[in-house]
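Student: Before I ask anything, here is the structure I am working with.
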Amino acid sequence: MICSEFMLHLDDMLDGTLDPTLRSALEAHLGDCEHCAITVTTTRKTIEVYRSNVLYELPDSLRVRLQAAIFAKCKKC
Ligand SMILES: [Zn+2]
């Protein structure tokens with residue numbers, strides 16, 4: 001799996017709606033890719049902050065910035 005594939009499934013992973021096979025593949029990528037691991041951690045924390053402020057939606061602008069940052073840094077993409 002490459003980072004762009006991982007990013008396609010990021011929402012579902014955070015929602016916990018993945019099937020077990022796909023989840024295993026994503027977790028394997030996370031173990032292998034520091035940048036995606038950081039993205040997941042950052043996104044989870046961001047969601048928690050927004051939820052604590054009763055704002056559920058992750059803004060598209062933030063999502064785009066996160067993805068741009070990871071693609072810029074990750075040499076495997
Ligand atoms: Zn990655």
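The values are calculated or read from the model by the stated rules, or taken from the named source; none is laboratory data. Predicted model only: the values in this text are computed from it and were never measured. Backbone-built Cβ (ideal geometry, glycine too); neighbour counts: all protein chains shown. Please note that ligands, DNA and RNA were not included when accessible areas were found on the heavy atoms of the full protein model with its side chains. Shrake-Rupley method; radii C 1.70, N 1.55, O 1.52, S 1.80 Å.
Student: Once you place label points 7 Å from the Cα toward the Cβ at Asp15 and Arg63, how far apart are they in nm?
Tutor: 1.0
Student: Filter the GluC sites (Glu not before Pro) in the range 5-34 down to the DSSP loop ones having no more than 16 other Cβ atoms within 10 Å, then list what survives. Walk me through the numbers before you get to the answer.
Tutor: Working: sites: Glu5, Glu27, Glu34; in loops: none.
Filter output for the range 5-34: empty list.
Student: I would also like to ask the following. Give the range of the longest stretch in the chain that excludes all trypsin sites (Lys or Arg not before Pro) found in loop regions by DSSP and having at most 14 other beta-carbon atoms within 10 Å.
Tutor: Details: sites that count: Lys75, Lys76.
Value returned for the longest uninterrupted segment is 1-74.
Student: Nearest 10 degrees is fine. How inclined is helix 60-73 to the longest principal axis of the chain, computing both from alpha carbons?
Tutor: The helix 60-73 is inclined about 30 degrees to the chain.
Student: Using the Cα centre of the chain as the reference point, and only Cβ charges (+1 on K/R, -1 on D/E), how large is the resulting charge dipole? Debye, rounded to the nearest 20.
Tutor: Working: 9 positive and 11 negative charges, 74 e Å.
Its charge dipole is roughly 360 debye.
Student: Return the carbon/sulfur percentage of the accessible area of the chain, one whole number, probe 1.4 Å, all protein chains in place.
Tutor: Values: 2840 of 5190 Å².
Carbon and sulfur together cover 55 percent of it.
Student: Let me ask something else about it. With everything on Cα atoms, drop me the angle between helix 34-52 and the longest principal axis of the chain, reported from 0 to 90° to the nearest 10.
Tutor: 20
Student: Taking N as the number of residues in the chain, what is its Cα Rg relative to 2.2 N^0.38 Å? Display every interim value, and only then the final one.
Tutor: Numbers: Rg = 12.4 Å, N = 77, 2.2 N^0.38 = 11.5 Å.
Normalised Cα radius of gyration, the chain: 1.08.
Student: At 0.36 nm per residue, minus the direct Cα-Cα distance, what do Glu5 and Ala37 gain on full extension? Give it in nm, one decimal, please.
Tutor: Numbers: separation 32, 0.36 × 32 = 11.52 nm, distance 1.38 nm.
Full extension from Glu5 to Ala37 adds 10.1 nm.
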